[in-house]
Amino acid sequence: MRVLVVEDESDLAEVIARRLRREGMAVDVAPDGRAGLLKAAVVDYDVVVLDRDLPEVHGDAVCTELVRSERPPRILMLTASGEVGDRISGLDLGADDYLAKPFSPGELVARLRALERRPALAHPPLLRRHDVELDPARRHVTRGGHPIDLGRKEFGVLEVLLRADRAVVSSEELLRAVWDENADPFTAVVRMTIMGLRRKLGPPALIETVTGVGYRIP
Ligand code: CA
């Protein structure tokens, strides 16, 4: 198991590294967030032990960045406090586990072993058509590599159209998929949303209207 320890308290980093090496793990240490990201960009780590309170780049930002990488490592976050709020936001950012300081090195080893056995988080595949890319997990859309800021309904409609894989989707189907049951059941709202979506996606036109049938991305 290849492990990166990102921890600015050098004594603690050294204690952790020594212990993990004794367990037969290959361990690198980075003293701040920026150094951690640089190392993770060149080495495929199985697990990153990530202190949350880091200089240069905060642990939360490091976590977000690592999760976005092509082959994300599993992440165990170290937090100063074991507060529930800390734990939840850490996991929201994509950390696989967290450990509150102070912890025993044995506990850390046990958590790392558990992460090693756990299959990597399944990230749903990106949806792509022409130069548009939609990431369902991170709710992020780009066109020609440029991020596009979509509203919730716009995002939902685009996702359904991309998943349809060139097939025509009717307004009623879009309503059912994207709006909840209490929504105004008029297809005008779909038309308005498609209009907004087209405007934000810009030229060349991506979404085609199939008169009397619905919409598609050919
Ligand atoms: Ca720290």
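The values are calculated or read from the model by the stated rules, or taken from the named source; none is laboratory data. Nothing here was measured: the structure is a model prediction, and the numbers come from that model. All Cβ positions, even for glycine, are placed from backbone atoms using ideal geometry, and neighbour counts span all protein chains on display.
Quick notes
- Residues within the stretch 92-110 that are buried (at least 16 other Cβ atoms within 10 Å of the Cβ) and either of a type in the set (S, T, Y) or on the phi > 0 side of the Ramachandran plot (or both), tallied: 2
- Number of the condition not met by F103 [criteria: (1) modelled with pLDDT of 85 or more; (2) under 21 Å from E9 (Cα atoms); (3) within 19 Å of the chain's Cα centre (by Cα)]: (3)
- Flag for R52 being under 20 Å from R113 (Cβ atoms) and not acidic (D, E): no
- V5 more than 16 Å from the ligand (Cβ to nearest atom) and closer than 21 Å to A110 by Cα: no
- Considering the stretch 13-24, the residues that are touching a residue at least 60 places away in the same chain (Cβ under 8 Å) and within 16 Å of the ligand (Cβ to nearest atom) include one that is farthest from the chain's Cα centre (by Cα), namely V15.
- Residues that are modelled with pLDDT of 75 or more and away from the ligand (no atom under 13 Å from the Cβ), drawn from the stretch 69-92: S69, E70, R71, P72, P73, R74, I75, L76
- Condition check for A61: over 13 Å from V5 (Cα atoms), at pLDDT 85 or above and within 19 Å of the chain's Cα centre (by Cα): yes
- Verdict on L66 being buried (at least 22 other Cβ atoms within 10 Å of the Cβ), assigned to a helix (DSSP H, G or I), modelled with pLDDT of 90 or more and away from the ligand (no atom under 14 Å from the Cβ): yes
- Subset tally (residues that are out of contact with any strand residue (DSSP E or B) (no Cβ under 7 Å at 6 or more places or on another chain), within 12 Å of the ligand (Cβ to nearest atom) and not charged (D, E, K, R)) for the stretch 42-56: 1
- Unique residue being under 27 Å from the mean Cα position of the chain (by Cα), modelled with pLDDT under 80 and either surrounded by 13 or more Cβ atoms within 10 Å (Cβ to Cβ) or assigned by TED's automatic domain parsing to the domain that holds G144 (or both) when the list is D180, D165: D180
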